[in-house]
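> What follows is a structure written as structure tokens; I'll ask about it next.
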Amino acid sequence: MSTKIVLIDDHVLFREGIRRILDFEDDFEVVAEGGDGENAMSLVAVYKPDVVLMDINMERMNGVEATKELVEKYPELKVIILSIHDDENYVTHALKSGAQGYLLKDMDSESLVNAIKIVSDGGAYLHPKVTHNLVKEFKRMSEEEHKGFQQVEYRKPLHLLTRRECEVLQLLADGKSNRGISEALFISEKTVKNHVSNILQKMNVNDRTQAVVTAIKNGWVEVL
């Protein structure tokens, strides 16, 4: 069965671009489009989608407000926020509203497709740049909370991961996409995907974001 998607954004040209990308995916079906949060409410009621791609800044009802109402009314619904803002405050508000994903609008098509697949399967997906900003904020808050206590010493998790997987984990924490990791390590993107899958399995986490947060908590990556 295909993943049914409702696309909500107040810029028609942007919606058209997103739809063209998704139309190439056999597993995706864009069932409806709208231009604001109120449209989202009515379209979800009619079409019962699996995923909503939701712009964050819209008139009448913004994406965060619409997401909160939709998730409360339809607990199984998955929402991915689309935004130009990489500030952690925007991301935090979006996640607190019930969104399972947060993408920046300068994303590439691969990130969009991966995000929908991961979120529709029950995982979470954040744009790599957003992940890095959140990790830095998490580190800052942790240092404030534990000021005066000995900080966790940085050490590679060689008891759990291979040296190459440690390198990939560090680059994930640095906010690199699969393509960025591929270029940094001079390996193929397919090899990067295999390494990421192995990391998630070995760390017993569902997605890249959880892997990075777990790594920073344990001192397995350096946050610059």
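> Label-point separation (nm) for K217 and Y74, each offset 7 Å from Cα along Cα-to-Cβ?
3.2 nm
> Could you rank the peptides 46-57, 211-222 by their average count of other C-beta atoms within 10 Å per residue, with the highest value first?
46-57, 211-222
> Another question, then. So what are the ³J(HN,Hα) numbers for the range 27-36, from phi and the Karplus equation (6.51, -1.76, 1.60; θ = phi - 60°), rounded to whole Hz, Gly and Pro as x?
8, 10, 9, 7, 8, 6, 9, x, x, 7
> Sticking with this structure for a sec: From the phi of every residue in the range 40-55, what ³J(HN,Hα) in whole Hz does the Karplus formula 6.51 cos²θ - 1.76 cosθ + 1.60 yield, where θ is phi - 60° and glycine or proline is x?
Computed from phi, the couplings for the range 40-55 are 4, 4, 6, 5, 5, 4, 7, 9, 6, x, 8, 9, 10, 8, 10, 5 Hz.
> Between E16 and H159, how many nm apart are label points set 7 Å from Cα along the C-beta direction?
Rounded to a tenth, the inter-label distance reads 5.7 nm.
> Return the long-range amide H neighbours of G34 (sequence gap of 5 or more, or a different chain), with a cut-off of under 5 Å between placed amide H atoms.
L7, I8, D9
> Then there is this: Can you give the log10 of the normalised intensity I(q)/I(0) at q = 0.12, 0.17 Å⁻¹, computed with Debye over equal Cα scatterers of the range 3-130?
Listed by q, the Debye log ratios stand at -0.36, -0.77.
> Hey, rough spin-label estimate for E189 and F24, points 7 angstrom out along Cα→Cβ, what's it come to in nanometres?
0.9 nm
> Take the residue pairs K96/K193; K129/K193; K117/K217; K105/K202; K105/K129; K129/K217 and return only those whose Cα atoms are more than 21 Å apart.
With Cα atoms farther than 21 Å apart: K96/K193; K117/K217; K105/K202.
> For the chain, with all protein chains present and a 1.4 Å probe, just round the carbon and sulfur fraction of the accessible area to a whole percent.
Within the chain, the accessible surface is 49 percent carbon and sulfur.
> Once you list every other residue whose beta carbon is under 12 Å from the beta carbon of S97, what net charge do they have if Lys and Arg are +1 and Asp and Glu are -1?
-1
> In addition: Post the alpha-carbon centroid distance, the range 104-126 to the range 8-56, in whole angstrom.
14 Å
> I would also like to ask the following. Any chance you could give the angle, 0 to 90 degrees and rounded to 10, that helix 189-203 forms with the longest Cα principal axis of the chain?
Result, in degrees: 70.
> If the only charges are +1 at each Lys and Arg Cβ and -1 at each Asp and Glu Cβ, what is the size of the charge dipole of the chain around the Cα centre, to the nearest 20 debye?
920 debye
> If you take the charge dipole of the chain about its Cα centre, with +1 on Lys and Arg Cβ and -1 on Asp and Glu Cβ, which of T3, S120, L22 is farthest toward its positive end?
Selected residue: S120.
> If you don't mind, there's one more thing I want to ask. Cα atoms only: what Rg and Dmax, in Å, come out for the range 163-218?
Every Cα atom of the range 163-218 included, Rg and Dmax give 10.2, 29 Å.
> What does the charge count near K117 come to, summing +1 for each Lys or Arg and -1 for each Asp or Glu among other residues with Cβ under 10 Å from its Cβ?
Its environment carries a net charge of -3.
> In whole Hz and in residue order, list the ³J(HN,Hα) couplings for the range 168-178 that follow from phi through the Karplus curve 6.51 cos²θ - 1.76 cosθ + 1.60, θ = phi - 60°; x for Gly and Pro.
Calculated HN-Hα couplings, in order: 5, 4, 4, 5, 4, 5, 7, x, 7, 7, 4 Hz.
> How long is the gain from K105 to K117 if the chain were fully straight, where each residue apart is worth 0.36 nm and the alpha carbon distance is subtracted? Intermediate results must be reported in sequence, preceding the final value.
On the way: separation 12, 0.36 × 12 = 4.32 nm, distance 1.76 nm.
The span from K105 to K117 would gain 2.6 nm if fully extended.
> Could you give the spread of the C-alpha atoms of the chain along their three principal axes, from largest to smallest, in whole angstroms?
Sorted from largest, the Cα extents of the chain read 52, 41, 27 Å.
The values are calculated or read from the model by the stated rules, or taken from the named source; none is laboratory data. Worth saying up front: this structure is predicted, and the values here are computed from it rather than measured. All Cβ positions, glycine included, derive from the backbone under ideal geometry; neighbour counts span all protein chains shown. SASA here: full protein model, heavy atoms, side chains in, ligands and nucleic acids out. Shrake-Rupley method; radii C 1.70, N 1.55, O 1.52, S 1.80 Å.
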